[in-house]
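The numbers here are math on the coordinates, done by the rules we state, and not lab data. The shown structure was predicted, so the numbers you read here are calculated from the model rather than taken from an experiment. So basically every Cβ, Gly included, is an ideal-geometry build from the backbone, and we count neighbours across all protein chains shown.
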């Protein structure tokens, strides 16, 4: 089997920003020619399915500027300097929903869209929930919505929940719970 | 309920590239203050679960430069000028795997990572497959792998399939087939 690897020949940072950087690299392709690769550098992120004893999940509604509309998603956020995924998940869940969970399980990790960014998302299941106080970031405006897991799955097929991490989170939890794998 | 909308005050394109553009906008936040939003503009994309009569799926292995490794994913690609999602899905499946499908169904559409990009992915189920000839793009190097849907799901939990669209695609098809919703 031949290698599919692309080797970096040159790299130019074209933008260093607040939440992301953009690099344009020249690469050696497997057939010996050269190509260009545009790469958005983004820190790791987490997403959380917070499930209570009634099999309800907590969603957050927020305006997503890049897509120009409000989306209903599972709680999520990006890792800060030196933070571990679990630590980040606990902080984000508390900030966005005011929830504290006694039981945490990592479910899977996945690249959001590996054709142009290195963003990796770590998905957790949080159970044994206790409601405390919501305290979002100062430029973050979110509303918390609680629905049954079954209703959330129905919302997926109706297009009312329509981002990748929430779709993965809800389907993964449904699959793993049904098989007693979590 | 107060609005969560953020209004564009200013917009600067900082990069126009081959597969993406980067914009930095100044926005009016819901509380009247201003903020900055970094937005990666990306065209729509498609992903395909190609399922044969033996309940096997076709995966493609390719080097993903942004994450620096080979990934095993469902076939996917981005929409070209004026292309409709279904037309794009048919073209990408043929290019990457050489497969032609008589039966196509849209499953769902989702934003890859709406915190920083407008990329929207349209997911299809392709059945009644016929093998023709693979003809990838000139800078695309892919290897086709066929596994059972059950094995593909096991690979998800082992981390051997680890990108968002493939995870959504495999879990969605499993869920919908079990309920005879497709």
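Quick notes on this one:
- Equivalent ellipsoid semi-axes - Cα gyration tensor, region A:89-182, angstrom: 21, 19, 16
- Modelled FRET efficiency - R0 22 Å, residue A:21 with residue B:36, Cβ distances, 0.05 increments: 0.90
- Using a Gaussian network model of chain B in which every pair of alpha carbons under 10 angstrom is joined by a spring, one finds that among B:127, B:37, B:61 the greatest mean-square fluctuation is at B:37.
- A label point on residue B:137, set 7 Å along the Cα-to-Cβ line, lies at 3.0 nm from each of its counterparts in the other copies, closest listed first.
- Per-residue shielding of B:155-161, expressed as the average number of other chain Cβ atoms within 10 Å of the residue Cβ, stands at 3.
- Only helices enter the 222 nm calculation for chain B: every DSSP H run of n ≥ 4 contributes -39,500 (n - 2.57), and dividing by all residues gives -6500 deg cm²/dmol, rounded to 500.
- The GNM of chain A, with springs linking C-alpha atoms under 10 angstrom apart, assigns the highest mean-square fluctuation among A:109, A:148, A:11 to A:11.
- Label-to-label distances for residue B:104 across copies, nearest first, come out at 4.4 nm, using points 7 Å from Cα in the beta-carbon direction.
- Helix B:164-178 axis versus longest C-alpha principal axis of chain B: approximately 50°, rounded to the nearest ten.
- FRET efficiency, 1/(1 + (r/R0)^6) with R0 30 Å, evaluated for residue A:54 and residue B:182 via beta carbons: 0.55
- Where the Cα pairs of chain A fall when distances are cut into 10 Å bins, in %: 9, 32, 31, 17, 10, 1
- Angle between chain B longest axis and helix B:85-97 axis [Cα atoms, degrees, rounded to 10]: 50
- Take residue B:151, push a point 7 Å out from Cα through the beta-carbon direction, and compare it with the same point in every other copy: 4.1 nm, smallest first.
- Site pair residue A:104 and residue B:5 shows an inter-label distance of 3.7 nm when each label is modelled 7 Å from Cα along Cα→Cβ.
- Evaluated at q = 0.15 Å⁻¹: base-10 log I(q)/I(0), Debye formula over Cα of the protein assembly as shown: -1.41
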